[in-house]
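Just below is one structure, and these are the notes that go with it.
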Amino acid sequence: MVYYQSENIPMPKIAKRKVNAWIKEVASRHGYKLGEITYIFCDDQKILEVNREYLKHDYYTDIITFDYTEGKVISGDLFISLDTVKSNSEKFSTSYEEEFYRVVIHGILHLCGINDKGIGEREIMEKHENEALAIRSQFI
């Protein structure tokens, strides 16, 4: 089950059933089933607060993923700063919608065990993000 919440900002308009089907398909392609996924859409101040409190990082980011996955059932809380999504879309010259969905699926890919911090991992993550975005039009 996928849940959507917002803190400090209006809830973005999401076709929840369609997005959920897409998320489920991406997880399935990586050998996982959906458990409980909660997206918390927030502003930069909230993501900075979460980053400082839980990760001891003093910077803004687009997403923070708390992973509660057990076995092949992915679960987690995903905080997404819509402020940073917007600034990244401008920085990378992509549409807000594309950047939004890239970040939404980025968290799911983390829950599927794909990392992006080590040598060469960022490129692997981008490959999986692009594959997921390529099938998005079948769902959304």
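Just so it is clear, none of the values below were taken in a lab; they were calculated from the coordinates. Only a predicted model underlies this, so the values are computations on that prediction, with no experimental measurement involved. Methodologically, a virtual Cβ is constructed for each residue, glycine included, from the backbone with ideal geometry; neighbour enumeration extends over all protein chains shown.
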Legend entry - Cα-based Rg of the chain normalised by 2.2 N^0.38 Å, two decimals: 0.98
Inset, instruction - Just add up the charged neighbours of S75: K/R +1, D/E -1, any other residue whose Cβ is under 15 Å from the Cβ of S75. - result: -1
Inset, instruction - May I ask you to sort E129, E90 by Cβ crowding, counting other Cβ atoms within 10 Å and putting the fewest first? - result: E90, E129
Legend entry - Cα-based Kirkwood hydrodynamic radius, region 1-81, one decimal, Å: 13.5
Inset, instruction - Kindly work out what percent of the DSSP beta bridges joining two residues of region 2-136 are antiparallel, to the nearest 5. - result: 30
